[in-house]
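Report on one structure; see the data block that follows.
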């Protein structure tokens, strides 16, 4: 019923618009096309100017309305660089935007057709053209220079003392593996993946480096102020580890491992205060279309102090022991969990 | 020389059509309107097919905007229309992704490639260079019919039981390669790939024809530097298409192999739904290289014809020469070259080598220089003009405004540092919709309003044209400007419901607003379509051959030109096409010999 009503209104609207248009054609015929054209020319010239003014007010209003809903302070050191680059670019492009849009609409208004004006024959001017080739080239070189400088900083090798976490994307969720006391992620092979037998990422149990690796799902824990390198992969299709607060992003590609590293600046608790949102959590969003559950492929990151992190990790049993319960004598378990975790290195 | 050859060609063809002097008078309905070899009819076929696809593609966007704006609401009508795809009146995720995929594919390939350059290359090239038809009218006809076939296959894919492809218009494997990955990855994706392959054939047949026609069939006196800018734009567009579409074809075929023949071009190390696949050694990223080697030139294939037509329309309606003709040419050339060297900027976060990434940053931002030249030249073209605001001129001005806005956000995304944060967010959606989608659409509208009198011998209704323009430009900015803020907040694209997210759910009101505006804009496009078809039959008739007072050759043909375009000899060209306001004269057609006392520029 409602749909019918809406459709009826729409059709009525179309008919009315159409009739007005037809009537305007007849009016033009009676008054002479030339007069009608000149009048509509004036109206459109005025509308172009009005559009410029209203548009600029709209740009300001939109910013007032939405500026607090974009992300606040970046939560990683790389994020600081990304944001700085972003705001420098925003400043430069906004000036260009203002100058060119104002020129466009103002010229259109000012040089609207008039019987008293003759258009100015002005086919080219080499000096002008040189100026507006060289200036954009210089400005862009500056942006490229800064951009590449920051890019190499962000994508450069991770610091030696980084902790390592493996991230694996699958339809539709996230899995994580911590290297354990030895700091080394054990070897894996995709044909060994067997979730039913507690081997969700395909670890090779004959590799001793695998014996202390800890596997968790959906929630990754990181240490504040400590660089972390993520080793990223995917099981089925391409996913993307999107970390909005850290301003980081990297695809998870089946068959091709990727990495990124950053240093979290604030714990989750600190962020709850900073954002004045008691429900705040760091979220991992999948940013590459991965199937029908793409929009809900959410993971959580908990950033905490070293002590909290150590306690959390100690509460987890290495996956080797979960998969091979016969290898899990009680004493061994205690030794494994008591081993120091700080200073894990990638080899 | 070229004139005599074309005359011969036409004579041969006339001989073939029943040995009559004016074959086009006696053509049957089928050879005149369906399997026509007249470039003007083929152009109209492209245009009308493009309009039909645009309505379908636009309607799909309204459907998924409903979901985005009102994720909690139910629309029983949707269940009536789409059954299981909108169970309970709510768009199901598979359906949502199919809609998004089809919207992108249809608009990018069927509307803005075939509908835009197919239409205007066909209509304008022979008319503006002074030729009786394309180099090969038969291949030209095949070009349309391959496009039509591609459309039939794509349309069929919408009706298969498991639904059309849903892997996004970029169709990245492994998602698109694995039937197990979802319903849209079943037969729908095969049909999508077949349709694309047919489309590439169409595009190649068209492109080769455009290139050979422009190079070989110009009338006497029409040197390359006397070509109107739309022709130059179509020329570079065709070159881009001919060099890059085959690469897409190879990607599509390899993907078909991976899907159906068990090859591993793009597949390696895959465990899906607990099933371990045997494929090893392929690279999923390889497909992205193949895709974007077409995909990036593709955005210029879409944009260049719009740029060319806007240049022409701004000059004609400002009654003033285009500023910096040679610079416009140079920048078109630079854009065409650079278009091939920037594809990996779509892949900054795929794990691409950072050094390679930095090279692509440099090349990508370089492309802003010729773009800036074009903008400043357009601004200078209208400066001190005497501007007539026909609907075509308004759309051309709107194009420049949108091209500036969307081009500037490209400087954010082309810079890999910023791209890390903005990649695959709504910022990207806003950026490419403004600069590629809406701007090119504006170029296309400008072209339709400007050359409609040439196509059909009648005018479009101006009042409807003005309503169409003002609602569309205001709507476009209202839809896409605030969308940048969603992207700055990191909201990923292709999220159909953000309520489950702590950090992305702050834009509920904005999404409703955008949805309402997009419905209004869609309705106004229907106004345009009504205007278009009504005016073909009932529009005000042309009384003069040259309604806009333009210099180019198409306006020297009869009001309703037959096959062959000019009744007598093809006119000879004596000057460039932009002598407006010269020596106190409002315009001087290209066919007028240069006078002895005329000033030089």
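To make sure I understand, if each residue's beta carbon is the centre and we count other beta carbons within 10 Å, what order do B:85, A:174 fall in, fewest to most?
Values: B:85 18, A:174 23.
If I rank by nearby Cβ atoms, fewest first, I get B:85, A:174.
Could you list B:328, B:222 in order of exposure, starting from the residue whose Cβ has the fewest other Cβ atoms within 10 Å?
Numbers: B:328 24, B:222 27.
Starting with the residue having the fewest Cβ neighbours, the order is B:328, B:222.
For a footprinting-style exposure proxy, rank A:139, A:95 by other Cβ within 10 Å, fewest first.
On the way: A:139 19, A:95 11.
Taking fewest neighbouring Cβ atoms as first place, the list is A:95, A:139.
Let me know the whole percent of all Cα-Cα pairs from the protein assembly as shown that are separated by more than 56 Å. All intermediate terms of the calculation are to be shown ahead of the outcome.
Numbers: 71226 of 448878 pairs.
Cα-Cα pairs of the protein assembly as shown separated by over 56 Å account for 16 percent.
Take the alpha carbon atoms of region B:439-574, find their radius of gyration, then divide it by 2.2 N^0.38 Å using N residues; give the quotient.
Numbers: Rg = 21.8 Å, N = 136, 2.2 N^0.38 = 14.2 Å.
Ratio of Cα Rg to 2.2 N^0.38 Å: 1.53.
Would you work out the relative contact order for chain A, in percent, from Cα pairs under 8 angstrom that are 6 or more residues apart? Intermediate results must be reported in sequence, preceding the final value.
Numbers: 485 pairs, mean separation 63.7, N = 347.
About 18 percent, as a whole number.
Run the Debye formula on the Cα coordinates of chain B, all scatterers equal and no solvent, and tell me log10 I(q)/I(0) at q = 0.09, 0.11, 0.13 1/Å.
-0.71, -1.06, -1.46
Which whole-number percent is the relative contact order of chain B (Cα, under 8 Å, 6+ apart)? Display every interim value, and only then the final one.
Numbers: 981 pairs, mean separation 94.4, N = 601.
Over chain B, the number comes to 16 percent.
Can you compute the FRET efficiency between residue B:520 and residue B:567 using 1/(1 + (r/R0)^6), with r the Cβ-Cβ distance and R0 = 35 Å? Round to the nearest 0.05. Each step should come with its number before you reach the end.
Values: r = 46 Å, r/R0 = 1.32.
Efficiency at R0 = 35 Å is approximately 0.15.
Could you sort the peptides B:505-516, B:72-83 by per-residue average Cβ neighbour count (10 Å cutoff), highest mean leading? Intermediate results must be reported in sequence, preceding the final value.
Details: B:505-516: 16.6, B:72-83: 13.9.
Averaged packing, sorted descending, gives the order B:505-516, B:72-83.
Suppose each label sits 7 Å from its Cα in the direction of the beta carbon; what would the residue A:94-residue A:125 distance come out to in nanometres?
3.0
Could you tell me the largest-minus-smallest coordinate of the C-alpha atoms of chain A on each of the three principal axes, in descending order and whole angstroms?
Each principal axis gives a Cα extent; for chain A these are 101, 63, 41 Å.
Can you pull the one-decimal nm distance between simple spin-label points at residue A:19 and residue B:243, each 7 Å off the Cα toward Cβ?
5.7
Based on the Cβ-Cβ distance of residue A:33 and residue A:117, what FRET efficiency does E = 1/(1 + (r/R0)^6) give at R0 = 25 Å, to the nearest 0.05?
Details: r = 21 Å, r/R0 = 0.83.
That gives a FRET efficiency of 0.75.
Set the Förster distance to 45 Å, then compute FRET efficiency between residue A:307 and residue A:70 from the Cβ-Cβ distance, nearest 0.05. Numbers along the way, then the final one.
Numbers: r = 34 Å, r/R0 = 0.74.
It comes out at approximately 0.85.
Work out, step by step, the length gained on full extension between residue A:138 and residue A:26: first 0.36 nm times the residue separation, then minus their alpha carbon distance; give nm to one decimal.
Details: separation 112, 0.36 × 112 = 40.32 nm, distance 5.51 nm.
Contour length minus the Cα-Cα distance gives 34.8 nm.
With the cut-off at 18 Å, report for region B:280-422 the share of all Cα pairs above it, as a whole percent. List each step's numbers first, then the result.
Details: 6064 of 10153 pairs.
Looking at region B:280-422, the distances longer than 18 Å represent 60 percent of pairs.
Beta carbons within 10 angstrom, averaged per residue: use that to sort the peptides B:556-569, B:306-319, A:247-260, highest first.
Going by the mean number of other Cβ atoms within 10 Å, highest first, we get B:306-319, A:247-260, B:556-569.
Only bridges whose two residues both fall in the protein assembly as shown count here: according to DSSP, what percent of them are antiparallel, nearest 5? Mind dumping the intermediate values first?
Details: 35 of 48 bridges.
The answer is about 75 percent antiparallel.
In deg cm²/dmol, rounded to 500, what helix-only [θ] at 222 nm does chain B give when every DSSP H run of at least 4 residues adds -39500 (n - 2.57) and the total is split over its residues?
Calculated mean residue ellipticity at 222 nm is -19500 deg cm²/dmol.
Using alpha carbons only, how many angstrom separate the centre of region A:1-79 from the centre of region B:131-194?
What the calculation gives is 35 Å, centre to centre.
Values in this text are rule-based calculations from the coordinates and carry no lab data. Because the structure is a prediction, the values reported are computed rather than measured. Cβ sites come from the backbone with ideal geometry, for glycine too, and all protein chains shown count toward neighbours.
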